[in-house]
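The structure appears right after this line, and notes come after that.
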Ligand SMILES: Cc1cc2nc3c(=O)[nH]c(=O)nc-3n(C[C@H](O)[C@H](O)[C@H](O)COP(=O)(O)O)c2cc1C
């Protein structure tokens, strides 16, 4: 069986049967209303991509203080639930395989000019970069160290957000413990300087991610919950330290819970931590490959290495961003659209969002554009 045949074959995931093994990775696109409510344009965008095996919808914030950037989505009010309901209805009407919603708290990746609130973080260590706000780029502020009460409230907010996601028609949620956001800030040594039970030792540093995941699983059922991690990723000023101990310990703590999946960002099958995670994780492993080029053969090659190394499902971000009919194009061996304009990834309306053509729309002469692949350097606004 070729790798592409495997990728295009159905698979089961928790209570779901996926039509194929190609998952749409979460992609923040900053097209929500100012309060975080999804728009009709977002429903159109996701419905265009309904042929993904599973859509993991972009980061949604579980409470007001967790907001990272302007116009990102949220899932903590009745209005948010209604807005997302329109999105999940549209994807279902388009015959979609299913949708999970990513739950993301930004922690120190946030700004009072955006949320109206001082960001919360494990320790008062600011982001060493400017941050995009409605007033343009501003220096990051020193976040307030979370108290024990803040920790309890935040865990409860994640659980409530997961319930809201189910009410909005999502099949499940993905807990975001990657890419330098709040949960990753607890895992990393440079951002977690706590001396209580949520810092210091490896067991302390993984505790917050574990408790959030456990609370979300208790709320909606573990088989409807995924967890995203990015071992070694330095985006958003993260220096983990002990990468090869933290993640195996996390996998060990959560392995018995029966989660739907563990999702690895920029998964490198040759890295020692990949092998340790695969060996320790008893469930489904979703791998988001490092793509050097956006083409069918490059996707097939990267996926082959990951499947050989024990990954079960493959998540792709930019290929789905630029190709609403990615699955069809891969099935036919057709050329892929490239990402056209990096700026439009994180800002704007329909341009660079819902106007990427399908093969049929592009016509029989579709050719790959000459643009080279756009380097990913973290969800931010240029
Ligand atoms: C525009 C854009 C937005 C992103 N937003 C998120 C996000 O909301 N949550 C997340 O975990 N990762 C996010 N990422 C990372 C992607 O999920 C993915 O890991 C990354 O793009 C690498 O995969 P790819 O080479 O298939 O694009 C984003 C990436 C891009 C390009």
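Annotations
- Equivalent-ellipsoid semi-axes of the stretch 1-149, from the Cα gyration tensor, Å, largest first: 33, 17, 14
- Taking label points 7 Å from Cα along the Cα-to-Cβ direction, residue 35 and residue 190 give a separation of 3.8 nm.
- Rel. contact order, % - alpha carbon contacts under 8 angstrom, at least six apart, the stretch 3-362: 16
- Proportion of all alpha-carbon pairs of the stretch 155-265 beyond 24 Å (%): 21
- With N counted as the residues of the stretch 112-206, its alpha-carbon radius of gyration over 2.2 N^0.38 Å works out to 1.19.
- The distance between label points at residue 271 and residue 298 comes to 1.9 nm (points 7 Å beyond Cα on the Cα→Cβ vector).
- Computed over the chain, the P(r) tail beyond 30 angstrom holds 33 percent of alpha carbon pairs.
- Using the Cβ-Cβ distance between residue 242 and residue 117 with R0 set to 25 Å, the FRET efficiency from 1/(1 + (r/R0)^6) comes to roughly 0.20.
- Rough spin-label spacing in nm, given labels placed 7 Å along Cα→Cβ, for residue 331 and residue 361: 1.9
- 18 Å cut-off, amide nitrogen to a point 7 angstrom out along residue 82 Cα→Cβ, residues in the stretch 129-170: 164-170
- For the chain, the longest principal axis of the alpha carbon atoms and the long axis of helix 78-93 meet at an angle near 30°.
- Net length gained if the chain between residue 64 and residue 2 were fully extended (0.36 nm per residue, minus Cα distance): 17.7 nm
Every read-out reported here was derived from the displayed coordinates using simple, explicitly stated rules and does not represent laboratory data. All values reported here derive from a predicted model rather than from experimental measurement. Methodologically, a virtual Cβ is constructed for each residue, glycine included, from the backbone with ideal geometry; neighbour enumeration extends over all protein chains shown.
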